[in-house]
């Protein structure tokens, strides 16, 4: 085996080795991207749910604030009615106390919802960071996958080319070309010899025709002289 064939074989083997090493990482990367996209979907769903609770908590805060203020205002109106004599002081105290109790309930609920809102905001911030990180990682892995696939294509093309080159027998090709040259030379010589033979045959035919033409001319002259009585 020539040194060139050995080199081609080595290159071919190296290319196949590269492809074998790349196939598993590509499959692993594809699976990893699929898993991360599932995690990303779950994180997005969780983020949406927490944000919904955050929005609801903000609404509850406003509702409890307004309710507490409203009950306080009602308690004041009831006490004024007692002063004007519209209701008895005892009834006014009872109803005003009940209004203030409900005011306090709303204030307690307000503090509870504010605490929950802080937790929701913290969770939203954390989930948002996770979503951004996952998106960045997915994008990075997808780019890595494109690079791996491109490397596989190059390695495959290189292996194919090396295989083709390794199967080329330079000595055999040269020998075949020499045989073709020899055959062409023989065909050219044969064609030339046929041409010379054809020319020779043509020359002989012309000489024969010329001789016969002279005889025909002489015979015609003798006949004319005989017809005119000039024949000696």
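Let me spell it out: the conditions are (1) within 30 Å of residue 119 (Cα to Cα); (2) at pLDDT 90 or above; (3) in contact with a helix residue (DSSP H, G or I) (Cβ under 8 Å, 6 or more places away or on another chain), and residue 36 meets all of them except one. Which number is the exception?
Among (1) within 30 Å of residue 119 (Cα to Cα); (2) at pLDDT 90 or above; (3) in contact with a helix residue (DSSP H, G or I) (Cβ under 8 Å, 6 or more places away or on another chain), residue 36 violates only (2).
Conditions tested, residue by residue: (1) touching a residue at least 40 places away in the same chain (Cβ under 8 Å); (2) in a helix (DSSP H, G or I); (3) touching a helix residue (DSSP H, G or I) at 6+ places or on another chain (Cβ under 9 Å); (4) outside the structural domain of residue 29 (by TED's automatic domain parsing).
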position: 93; (1), (2), (3), (4): no, yes, yes, no
position: 99; (1), (2), (3), (4): no, yes, yes, no
position: 116; (1), (2), (3), (4): yes, yes, yes, no
position: 124; (1), (2), (3), (4): yes, yes, yes, no
position: 140; (1), (2), (3), (4): no, yes, no, no
position: 149; (1), (2), (3), (4): yes, yes, yes, no
position: 155; (1), (2), (3), (4): yes, yes, yes, no
position: 163; (1), (2), (3), (4): yes, yes, yes, no
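Return the only residue of 59, 85, 73 being exposed (fewer than 15 other Cβ atoms within 10 Å of the Cβ), more than 30 Å from residue 142 (Cβ to Cβ) and at pLDDT below 90.
85
Take residue 103 and tell me if it is without any contact (Cβ under 8 Å) to a residue 40 or more places away in the chain, part of a helix (DSSP H, G or I) and farther than 24 Å from residue 64 by Cβ.
no
Yes or no: residue 48 touching a helix residue (DSSP H, G or I) at 6+ places or on another chain (Cβ under 7 Å) and in the same structural domain as residue 129 (by TED's automatic domain parsing)?
no
Going residue by residue through the stretch 100-115, is there one that turns out to be under 30 Å from residue 31 (Cβ atoms) and at pLDDT 85 or above?
For the stretch 100-115, residues under 30 Å from residue 31 (Cβ atoms) and at pLDDT 85 or above: absent.
Name the pairs: first residue in the stretch 67-90 and in the same structural domain as residue 110 (by TED's automatic domain parsing) and part of a loop (DSSP other than H, G, I, E, B), second residue surrounded by fewer than 17 Cβ atoms within 10 Å (Cβ to Cβ) and at pLDDT below 95, Cβ to Cβ under 8 Å, at least 6 apart or on different chains?
Filtered contacts from the stretch 67-90: 87/81.
The values are calculated or read from the model by the stated rules, or taken from the named source; none is laboratory data. For clarity, every value in this text was computed on a predicted model and none was experimentally measured. In this analysis, Cβ positions are derived from the backbone assuming ideal geometry, glycine residues included, and neighbour counts consider all displayed protein chains.
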